[in-house]
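Student: Starting off with a structure, shown below.
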Amino acid sequence: ACAAKGLQLLLETFDFDIDKKCLIGPSRDGAKVSRAVRKRHKDFGLLLDLSHLPLQHETPKQAFAAAKGQIAHIHIGNCVLQAGHPAYGDQHPRFGLPGGENDVRELVAFLKELFAIGYLGKGKRPLVAFEVKMTQTARPEDLRGLRRFRESYPQAKTFFVYTGSRRRHDAGIEI
């Protein structure tokens with residue numbers, strides 16, 4: 001039904017013991033479900049999220065090894081494992097947040113693994129989405145991670161979406 005409309009049905013893995021405490025996670029569990037569903041429905045796949053991997057006690061290498069061939073969509077974000085932190089769990093705080101699990105080093109490792117398993121590569125243009133919670137302000141420290149990303153990938157379009165009303169540009173980032 002989805003394929004007839006150019007759509008794909010996705011299953012996103014989540015943590016099972018920290019914040020959301022969902023049924024499907026870690027990635028090996030999601031891949032098992034995906035393999036079973038894909039036998040009858042080719043328009044089904046997994047959505048893996050960098051921000052969920054620390055919450056699922058997984059590295060990118062472990063997650064992608066388990067889910068290779070099942071991945072249909074990627075999200076990139078941050079999370080916090082420190083109980084009591086205002087952004088604890090799967091809140092998608094900005095990159096570079098003190099106490100956050102993912103920053104540039106983790107993002108680079110994640111992207112390298114996507115290339116290693118063939119999800120990303122020459123001639124491939126799958127959707128990879130950054131998922132970061134909006135704020136009401138655009139402080140310089142909020143843009144730090146995007147600036148670093150833009151320095152490494154100057155051809156990328158970068159946006160910082162926030163709930164404020166002032167629009168501007170900062171070092172190639174549209175705010």
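Student: In this structure, does GLN91 turn out to be farther than 19 Å from ASP29 by Cα, open to solvent by 10 Å² or more (accessible area, probe 1.4 Å) and at pLDDT 95 or above?
Tutor: no
Student: Does GLU151 count as open to solvent by 30 Å² or more (accessible area, probe 1.4 Å), farther than 27 Å from ILE24 by Cβ and either among the acidic types (Asp, Glu) or not in a helix (DSSP H, G or I) (or both)?
Tutor: Taking the combined requirement at face value, the residue satisfies it.
Student: For region 123-139, how many residues are modelled with pLDDT under 75 and either open to solvent by 70 Å² or more (accessible area, probe 1.4 Å) or not aliphatic (A, V, I, L, M) (or both)?
Tutor: Going through region 123-139 one residue at a time, the tally reaches 5.
Student: Here's another thing I want to ask about it. Tell me which residues, restricted to region 144-175, are under 20 Å from the mean Cα position of the chain (by Cα) and over 20 Å from VAL128 (Cβ atoms).
Tutor: The answer is ARG144, TYR162.
Student: Residues that are touching a Cys at 6+ places or on another chain (Cβ under 6 Å), in a loop (DSSP other than H, G, I, E, B) and surrounded by 13 or more Cβ atoms within 10 Å (Cβ to Cβ): does region 161-175 have at least one?
Tutor: no
Student: Residues of region 11-35 being more than 20 Å from GLN62 (Cα to Cα) and either open to solvent by less than 60 Å² (accessible area, probe 1.4 Å) or at pLDDT 95 or above (or both), which ones?
Tutor: The one that is more than 20 Å from GLN62 (Cα to Cα) and either open to solvent by less than 60 Å² (accessible area, probe 1.4 Å) or at pLDDT 95 or above (or both): ASP19.
The values are calculated or read from the model by the stated rules, or taken from the named source; none is laboratory data. This structure is a prediction, so every number in the text was calculated from the model and none was measured. Glycine also receives a Cβ, built like all others from the backbone with ideal geometry; neighbour counts cover every protein chain displayed. Just so you know, the surface numbers come from the protein's heavy atoms only, side chains and all, with ligands and any DNA or RNA stripped out. Shrake-Rupley method; radii C 1.70, N 1.55, O 1.52, S 1.80 Å.
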